[in-house]
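We did not get these values from a lab; they are worked out from the coordinates using the rules stated. Because the structure is a prediction, the values reported are computed rather than measured. Using ideal geometry, Cβ is built from the backbone for each residue, glycine included, and neighbour counts are taken over all protein chains shown.
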Amino acid sequence: MDQTEQYIKFEYDEQLNVVFTEDHWDVKATEDVDQFFAEYKKYFTELGRKVYMISNIDHLLVRAAIADYYGKTARSTVGHYLLGFARYGTNDWARMTVRTTSLKASMTPNIYDSREAAIAAIEKMKTDSQPEAEGSKPKE
């Protein structure tokens, strides 16, 4: 995957308060991590509210050499902008790399086989917890 193919597709479902993303990124260095999460931060800042997120990770590759930095950056981003998250995909390599980086960052991987299973997991999160009020602003 070359640099020109790296992007994230965002789709917000206001009724569910869920942002669906599709990650197309090969994360090899700190610059890649910073650029990847800058896209997320820009989107969530413009959205202006805390939401749940469901990500398709089939086209996301996080290289082992950068996994710790990726995990730390993911953890701070999740805590700042999200009420909860789930991921899904069928690409075994993508699932393995994301699971590994999540565990290294002490985050629950929340990886499912399908979009529907990820949606069900988010709905369960909504009922199992008492998150901040819907529409609350991200922490400054």
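Between the C-alpha center of region 44-90 and that of region 27-43 there is a gap of 10 Å.
For region 118-126, 3J(HN,Hα) computed residue by residue from phi via the Karplus equation (6.51, -1.76, 1.60; θ = phi - 60°) reads 5, 4, 4, 5, 5, 4, 5, 4, 4 Hz, glycine and proline entered as x.
Computed over the chain with a Gaussian network model linking Cα atoms closer than 10 Å, the most mobile of Lys124, Lys28, Lys72 is Lys124.
Simple point charges give the picture: +1 on the Cβ of Lys and Arg, -1 on the Cβ of Asp and Glu, and for the chain a dipole about the Cα centre of about 540 debye. Available extension along the chain between Lys9 and Tyr43 is 11.2 nm, counting 0.36 nm per residue and deducting the alpha carbon span.
The Cα atoms of region 3-128 define a convex hull whose projected area, averaged across directions, is 7.1 nm². Taken along the Cα-to-beta-carbon direction at a fixed 7 Å, the label points for Glu116 and Lys28 span 3.8 nm.
Evaluating 6.51 cos²θ - 1.76 cosθ + 1.60 at θ = phi - 60° for every residue in region 101-117, the Karplus couplings come out as 5, 5, 5, 4, 8, 6, 10, 5, x, 6, 10, 10, 7, 8, 4, 4, 5 Hz, glycine and proline recorded as x.
For region 1-80, GluC sites (Glu not before Pro) meeting the loop criterion (DSSP other than H, G, I, E, B) and having at most 15 other Cβ atoms within 10 Å: Glu14. Mean separation of Cα pairs under 8 Å and 6 or more residues apart, divided by the residue count, gives the chain a relative contact order of 24 percent. Greater than 18 Å separation of Cα atoms is the criterion. Which listed pairs, Lys72/Lys104; Lys41/Lys124; Lys50/Lys72; Lys50/Lys126; Lys9/Lys126, meet it? Cα-Cα > 18 Å for Lys41/Lys124; Lys50/Lys72; Lys9/Lys126; rest within.
Coupling constants for region 67-84 follow from the phi torsions by the Karplus curve (6.51 cos²θ - 1.76 cosθ + 1.60, θ = phi - 60°), and in residue order they are 4, 5, 5, 4, x, 5, 5, 4, 4, 5, 5, 4, x, 7, 10, 10, 8, x Hz; glycine and proline get x.
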